[in-house]
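K.L.:
Below: one structure in structure tokens.
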Amino acid sequence: MAGKTSSLTTIFMVSVLGLFLELMLIRWISTELRVFAYLQNTVLVVCFLGLGMGCWTCRQAVRSHEFLLPLGIIVLLLAIPYTRSWLATLTVVFTLLQDYMIWDEIHQQAPLVNAAMIGLGLLATLLLMLVVWETFVPLGRILGRSLEDHPRPIVAYSINIAGSLAGILLFTGVSACWAPPWVWLSVAAAVSLVFIDWHHPWQLGLLAGLIALAWAADLTPTVRKQPDGTPIANFTHAEALVWSPYQKLHLRRHDYPEPTGTHSRWYLLVNDTPYMELVDLSPEATDRFPQLFEPAQRGCSQYDVPLRLRPKPRKMLVVGSGGGNDLAAGLRHGAEEIVAIEIDPAILDLGRRFHPEQPYSSPRVRVVNDDARAFFSKTTERFDLIIFGLLDSHTTTSMTNSRLDHYVYTRESFELAKQLLAPGGIAVLSFEASKPFITDRIDRVLREVFTQQPLTFRVPTNGYGFGGSMFVVGDVTAARRHLDLDEQLRGLVDQWQRAFPLEMPGTTRICTDDWPYIYLQSPRVPMLHGLLAGLMLILFVVAWRRLRTPGLFAGWSSGHAHFFLLGAAFMLLETQNISKAAVVLGNTWEVNAIIIASILLIILAANLVAALLPRLPLLPVHFLLVGSCLGLYFVDLAWFAGLDYAPRAAVVGLVTSLPLFFSGIVFIRSFAVVAGKDSALGANLLGALVGGLLQSLTFWLGIQALLLIVAGLYALALWWRPSSGTER
């Protein structure tokens, strides 16, 4: 009994550590190597590859330093300012591909130079992926061996799932506290103590040193540079560094000495990239510093324009209120009530503390810390003016290819926003559209939803703000009337339209909830995703050779194919559920954490059913599994948007969880009878790797089509289901 207890404890703790490290590295690597902020599932897939190949080779020796040393290399790369700057440069190199939208670009060079730079970037990325893989192989071996040796497979696998759930909740809790990486690393180190070889105290010293290094890293901010060595931005003072639940936020101040005094401006960097500015546009500031604020545009900044097209709104909504510039403009122009929507609580906090005009302190401002789509679905309020701020997310949602702001710009989102306009109200959308097709996409979807031609113009970048393309819809007639009566604004808009004409042929495909990719010109898998899939194949070959197991697939049987297909299908199904729930329930970190935790609880429920009903016929369950996937393909979750939030969450959870529940029963029943549970779990994790790569098909086929692929994979898994006595 003592042996069983020890084995179950090992399974639980290695599962906690594995999930915690996965989420930690996804978050940290995506911050410093920013390309992975848009491709988070790449890091996830590498972790699965390490765990899967570790399970497959679980009979090889495992020593604790085998995961400590590669983890140490990763921490060194991410914590030292110079290597962080180098990793940041890799992201900019991939903009040379010109087929995937990444903020910041470098100038095109000669074709051979471009190819060489991209090749070096891919090589460095491959080496980083190899180190991540090395970290998870020992953990996979511990897990695979413990599962194989335990006499009660359903109990052992349930403990594995419970440990994974604990790891997710632990990292979610740490992130909710806005903890920095040294705290994440401290928690991981504490869990790692279970597996440390206490006869080698240097391992404890290594962990302590890495925690100290990560702590020191926050004291030395990254200096972002272009590949030619030119700094991207220079700042006078560092004011605040905050790790929100979504991203790294760095607030820095730049002082502008002028004859009339020193003007200070606050810049917010996200993952070391300039993101927004907190600027004082009060009449006192703009009058005092004419060198910075062109007198001809005084009172007509990009934040003031909506309030001059719809003066003194009774009720105003700001979507993506950020640091508070739009709120300050609304207060200056006499808005009676302003509702501010912002998804990131840390950005709200920085806006409250540092915006020079202190708009968040006004009793006329009501703050809602939520996702815009969730607010659109929940509210019954009507607004005279809706402002879409400069939303441009620098990270994707958990385990999907969708960025946080993608679902704000879909047709379904604008249809909801249209319903929130009061009679005579207007909606004003600003967007930094660096590619003409983005401008055309936004213009076309607004024309379709509002059945009118938007008023459009581009505001230039200057001392008043970053600028961007501006679209006005709703009561455009009234907006044009105010424009005609406003001589200053009319002159500026005419000047901007002549100087910065917008290309809008109306041919670009619009974004929908099924295809929300605003930064992708047309349905296709971006070249960057294809190259990373190729790197994954190279990594697999290199990893296979490093394991010194030429017969890795020698014992492959129909049972292993069954578990492989289950893993691939489950990963795609999980992506489906997270994407759909983000649309209906919101895209906040809390919702994503609840969804992922709920998926694991559903698996535990399936394990319980399998344990209580050991003679439950498996064939009908498998047919229900395939049938529920096909049925879900024809279900539009928007049908439930009219329900209150609590019943909507319950209905959406029930509908989307049915395939997961049936999948859980199929897996655990198969797992209970298969011989060689270590290699079966390894095949399942390798299948999850393939499922992660198949997510890229959503760029081409859309998200809903994944359900058809999932149904096909589960049907093939039924064909290759194992029976008792399946060979290893």
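The values are calculated or read from the model by the stated rules, or taken from the named source; none is laboratory data. If you're wondering where the values come from, they're calculated on a predicted model, not measured in any experiment. Note: ideal-geometry Cβ built from the backbone for every residue, glycine included; neighbour counts use all protein chains shown.
K.L.:
Considering only region 587-623, state which residues are under 30 Å from Gly320 (Cβ atoms) and in contact with a Lys or Arg (Cβ under 8 Å, 6 or more places away or on another chain).
P.N.:
Asn587
K.L.:
Regarding Ile338, is this residue under 31 Å from the mean Cα position of the chain (by Cα) and either surrounded by fewer than 22 Cβ atoms within 10 Å (Cβ to Cβ) or more than 12 Å from Asp384 (Cβ to Cβ) (or both)?
P.N.:
When the stated conditions are applied, Ile338 does not pass them.
K.L.:
Quick one: is Asp370 of a type in the set (Asp, Glu) and part of a helix (DSSP H, G or I)?
P.N.:
Values: of a type in the set (Asp, Glu): yes; part of a helix (DSSP H, G or I): no.
No.
K.L.:
Which residues, taken from region 248-261, are assigned to a strand (DSSP E or B) and either touching a residue at least 12 places away in the same chain (Cβ under 8 Å) or acidic (Asp, Glu) (or both)?
P.N.:
The answer is Lys248, Leu249, His250, Leu251, Arg252, Arg253, His254, Asp255, Tyr256, Glu258, Gly261.
K.L.:
Within region 451-483, take every residue that is aliphatic (A, V, I, L, M) and under 21 Å from Glu415 (Cα atoms) and give me the one that is farthest from the chain's Cα centre (by Cα).
P.N.:
Ranking the candidates gives Ala478 first.
K.L.:
Specify the residue that is modelled with the lowest pLDDT; the eligible residues are those in region 427-444 that are in contact with a helix residue (DSSP H, G or I) (Cβ under 8 Å, 6 or more places away or on another chain) and surrounded by fewer than 24 Cβ atoms within 10 Å (Cβ to Cβ).
P.N.:
Ala433
Results for (1) under 16 Å from Pro659 (Cα atoms); (2) without any contact (Cβ under 8 Å) to a residue 24 or more places away in the chain; (3) surrounded by fewer than 21 Cβ atoms within 10 Å (Cβ to Cβ); (4) hydroxyl-bearing (Ser, Thr, Tyr), shown as yes or no for each residue.
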| site | (1), (2), (3), (4) |
| --- | --- |
| Ala569 | yes, no, no, no |
| Gln576 | yes, no, no, no |
| Ala582 | no, no, no, no |
| Thr588 | no, no, no, yes |
| Ala593 | no, no, yes, no |
| Leu601 | yes, no, yes, no |
| Ala611 | no, no, yes, no |
| Pro620 | yes, yes, yes, no |
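K.L.:
Okay, next question. Taking helices (runs of 4 or more DSSP H) that do not extend beyond region 262-344, which have at least 2 residues that are modelled with pLDDT of 95 or more?
P.N.:
Working: elements: 283-288, 305-309, 325-332.
Counting at least 2 such residues, we get 305-309, 325-332.
Residue-wise test of (1) in contact with a strand residue (DSSP E or B) (Cβ under 9 Å, 6 or more places away or on another chain); (2) within 23 Å of Trp700 (Cβ to Cβ).
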residue	(1), (2)
Arg498	no, no
Pro501	yes, no
Thr507	no, yes
Ile518	yes, yes
Met527	no, yes
Ala533	no, yes
Arg545	no, no
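K.L.:
Inspect region 677-698 for any residue being surrounded by fewer than 17 Cβ atoms within 10 Å (Cβ to Cβ) and either farther than 18 Å from Leu601 by Cβ or not charged (D, E, K, R) (or both) and give the result as yes or no.
P.N.:
Taking every residue of region 677-698 in turn, none turns out to be surrounded by fewer than 17 Cβ atoms within 10 Å (Cβ to Cβ) and either farther than 18 Å from Leu601 by Cβ or not charged (D, E, K, R) (or both).
K.L.:
Name every residue in region 341-385 that is buried (at least 19 other Cβ atoms within 10 Å of the Cβ) and among the basic types (Lys, Arg), in order of residue number.
P.N.:
Result: Arg373, single match.
K.L.:
Look through Val690, Val651, Val666 and report the one residue that is without any contact (Cβ under 8 Å) to a residue 60 or more places away in the chain, hydrophobic (A, V, I, L, M, F, W, C) and either more than 25 Å from Asn41 (Cβ to Cβ) or part of a helix (DSSP H, G or I) (or both).
P.N.:
Within the list Val690, Val651, Val666, the selection yields Val651.
K.L.:
Now a separate question. Given the conditions (1) at pLDDT below 90; (2) within 26 Å of Arg546 (Cα to Cα); (3) within 29 Å of the chain's Cα centre (by Cα), report the number of the one that Leu213 does not fulfil.
P.N.:
Leu213 satisfies all of (1) at pLDDT below 90; (2) within 26 Å of Arg546 (Cα to Cα); (3) within 29 Å of the chain's Cα centre (by Cα) except (2).
K.L.:
Got a sec? Which of Val305, Val339 is in contact with a strand residue (DSSP E or B) (Cβ under 9 Å, 6 or more places away or on another chain), of a type in the set (A, V, I, L, M) and farther than 16 Å from Val368 by Cα? Reasoning before the result, please.
P.N.:
Values: Val339 fails: farther than 16 Å from Val368 by Cα.
Answer to the selection: Val305.
K.L.:
Say whether the condition of being farther than 30 Å from Leu49 by Cα and in contact with a Ser or Thr (Cβ under 9 Å, 6 or more places away or on another chain) is met by at least one residue in region 522-531. First the steps, then the outcome.
P.N.:
Here is the first cut: in region 522-531, the ones farther than 30 Å from Leu49 by Cα are 522.
After this cut, where a residue has to be in contact with a Ser or Thr (Cβ under 9 Å, 6 or more places away or on another chain) as well, the list is 522.
Yes, the conditions are met somewhere in region 522-531.
K.L.:
Assess whether Glu239 counts as being charged (D, E, K, R), closer than 20 Å to Gly468 by Cβ and either touching a residue at least 40 places away in the same chain (Cβ under 8 Å) or crowded, with 20+ Cβ neighbours inside 10 Å (or both). Step through it out loud before you land on a result.
P.N.:
Details: charged (D, E, K, R): yes; closer than 20 Å to Gly468 by Cβ: no; either touching a residue at least 40 places away in the same chain (Cβ under 8 Å) or crowded, with 20+ Cβ neighbours inside 10 Å (or both): yes.
Criteria not met by Glu239.
K.L.:
For region 70-92, name all the residues that are farther than 14 Å from Ala212 by Cα, surrounded by 22 or more Cβ atoms within 10 Å (Cβ to Cβ) and over 21 Å from the mean Cα position of the chain (by Cα).
P.N.:
Correct list: Leu71 only.
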